[in-house]
Amino acid sequence: MKTAILAILLFCVLIFPHELGHFVVAKMCKVQVNEFALGMGPAIFKKQRGETLYSLRAIPIGGYCAMEGENEESENPRAFNNKKAWQKICVLVAGSFMNVLICVVIMIIMAASTGTATTIIDKVQEGMPAYGVIQEGDQIIDIDGKAVNTWNDVGEFLQGQDKTARITVLRDGNEQTLKVNVKLDEEANRKVIGITCKVDKSLGTSLSRGIKATGQMCVTMVDSLAMLFTGRAGMDDLAGPVGLISIVGQTSSLGLMYFFYLMAFISLNLAFVNMLPFPALDGGRILFVIIRKVTGKMITDEMEGTVHTIGMLLLLALMFYITWNDIVRLL
């Protein structure tokens with residue numbers, strides 16, 4: 001039951017903000033939105049406000065933004081197909097932008113929740129080698145001449161010591177080099193000196209860490225897509241909705257932090273995939289907007305709609321294949 005609830009939450013957080021991005025920017029660009037729906041399937045609640053029908057649908061997964069002239073020709077001057085190229089691109093990019101924003105917000109919240117380890121000493125454990133040598137508030141600058149930039153560096157550099165480490169700290173504005181014996185923690189199989197660091201949970205640090213983490217995830221995403229398109233990863237490595245539910249169950253058992261990281265990662269993944277220049281995806285639609293801007297009236301709305309329909313059928317076939325693989329793996 002817990003997995004099902006988290007899976008529904010995941011789908012809603014990933015897809016609904018995406019469609020909300022399209023909706024908000026479409027309204028800003030004066031595009032006529034015929035319906036904005038929360039969920040899919042049969043409507044259980046409808047309310048008409050102006051030109052837009054707002055609906056709540058039975059299957060609590062995602063939603064959609066139905067714009068006039070989005071997939072067909074329309075004579076309505078406020079139809080999507082009659083808007084300027086830059087307006088169309090803004091509407092199409094807005095969905096993926098929202099997914100990236102969701103990822104950044106989640107990573108910032110996680111950074112604020114866990115805090116960021118600093119190189120400033122918080123506690124010195126009594127009876128340990130550092131006690132009486134290193135003081136609370138000291139900032140570690142280097143260990144045996146190796147610059148310490150993060151708290152991970154401290155642990156890493158200490159592992160290379162046999163007996164004594166030369167630790168340079170900043171104390172009351174002055175640098176001091178101290179000799180500290182290193183002790184082997186047999187239970188953890190690590191060399192320690194008995195110090196813990198201060199944790200920074202400030203807004204500025206959390207913002208910086210969250211944005212950097214999103215940037216690192218973007219690099220991972222590009223590498224993953226490169227592996228897929230160069231053959232280093234195959235179709236069997238992809239996961240669909242069924243596989244995603246299984247992954248949600250696994251990550252939620254490890255703790256909510258892992259689940260929220262998964263949510264951020266998949267949200268960013270959705271943004272990347274939607275920007276691929278493939279028919280029916282937002283990236284493919286943007287490509288057509290650019291091509292039609294350059295070629296004029298060589299491509300009609302009907303021709304573009306046909307290409308996107310074919311693209312959608314291919315995507316559905318791919319989804320069916322991936323879902324089948326998910327089921328086979330589970331069985």
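The values are calculated or read from the model by the stated rules, or taken from the named source; none is laboratory data. Being a predicted model, the structure only gives us computed values, none of them experimental. Note that each Cβ is placed from the backbone with ideal geometry, even for glycine, and that neighbours are counted across all protein chains shown. Areas reflect the complete protein model, heavy atoms only, side chains present, ligands, DNA and RNA absent. Shrake-Rupley method; radii C 1.70, N 1.55, O 1.52, S 1.80 Å.
Residues that are basic (Lys, Arg) and open to solvent by 70 Å² or more (accessible area, probe 1.4 Å): does the range 28-38 have at least one? Before you say what the answer is, go through the steps one by one.
First pass over the range 28-38, keeping only residues basic (Lys, Arg): 30.
In the following step, the residues that additionally are open to solvent by 70 Å² or more (accessible area, probe 1.4 Å) were identified as 30.
Yes, the conditions are met somewhere in the range 28-38.
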| Looking at (1) open to solvent by 50 Å² or more (accessible area, probe 1.4 Å); (2) of a type in the set (A, V, I, L, M, F, W, C); (3) modelled with pLDDT of 80 or more, which is the only condition Met227 fails? | (3)
| field | Which listed residue is farther than 30 Å from Glu51 by Cα and among the basic types (Lys, Arg), from Lys123, Lys84 | value | Lys123
| note | Residues of the range 266-320 being in a loop (DSSP other than H, G, I, E, B) and of a type in the set (Phe, Trp, Tyr), in sequence order, are Phe278
| field | Output for the range 49-73, where each listed residue is of a type outside the set (Lys, Arg) and free of Cβ contacts under 8 Å to residues at least 40 places away in the same chain | value | Gly50, Glu51, Thr52, Leu53, Tyr54, Ser55, Leu56, Ala58, Ile59, Ala66, Glu68, Glu70
| Counting only residues that are in a strand (DSSP E or B) and within 10 Å of Asn34 (Cα to Cα), which one in the range 51-72 is most open to solvent (accessible area, probe 1.4 Å)? | Tyr54
| field | Matching residues in the range 80-121 - criterion: being out of contact with any strand residue (DSSP E or B) (no Cβ under 8 Å at 6 or more places or on another chain), assigned to a loop (DSSP other than H, G, I, E, B) and either open to solvent by less than 40 Å² (accessible area, probe 1.4 Å) or under 17 Å from Val13 (Cβ atoms) (or both) | value | Lys83
| query | All but one of (1) touching a helix residue (DSSP H, G or I) at 6+ places or on another chain (Cβ under 7 Å); (2) open to solvent by 30 Å² or more (accessible area, probe 1.4 Å); (3) modelled with pLDDT under 85; (4) not in a strand (DSSP E or B) hold for Leu20; which doesn't? | reply | (3)
| request: Answer yes or no as to whether Thr300 is over 27 Å from the mean Cα position of the chain (by Cα), exposed (fewer than 13 other Cβ atoms within 10 Å of the Cβ) and touching a residue at least 60 places away in the same chain (Cβ under 8 Å). | output: yes
| task | Kindly check whether there is at least one residue in the range 26-39 that is more than 30 Å from Thr295 (Cα to Cα), modelled with pLDDT of 90 or more, part of a helix (DSSP H, G or I) and not aliphatic (A, V, I, L, M). | result | no
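Is it fair to say Pro77 is within 30 Å of Lys201 (Cα to Cα), over 21 Å from the mean Cα position of the chain (by Cα) and in a loop (DSSP other than H, G, I, E, B)?
No: the conditions fail for Pro77.
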| task | Check Ile15, Ile8 and return the single one that is within 25 Å of the chain's Cα centre (by Cα), more than 20 Å from Phe97 (Cβ to Cβ), modelled with pLDDT under 90 and open to solvent by 30 Å² or more (accessible area, probe 1.4 Å). | result | Ile8
| task | Could you please tell me which pairs satisfy a Cβ distance under 7 Å, a separation of 6+ or placement on different chains, a first residue in the range 79-91 that is at pLDDT below 95, and a second residue that is crowded, with 18+ Cβ neighbours inside 10 Å and small (Gly, Ala, Ser)? | result | Ala79/Gly69; Phe80/Gly69; Asn81/Gly69; Asn82/Gly69
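I need the full set of residues from the range 148-199 which are among the aliphatic types (A, V, I, L, M) and more than 30 Å from Met110 (Cα to Cα), in order please.
Those that are among the aliphatic types (A, V, I, L, M) and more than 30 Å from Met110 (Cα to Cα): Ala165, Ile167, Leu178, Val180, Val182, Leu184.
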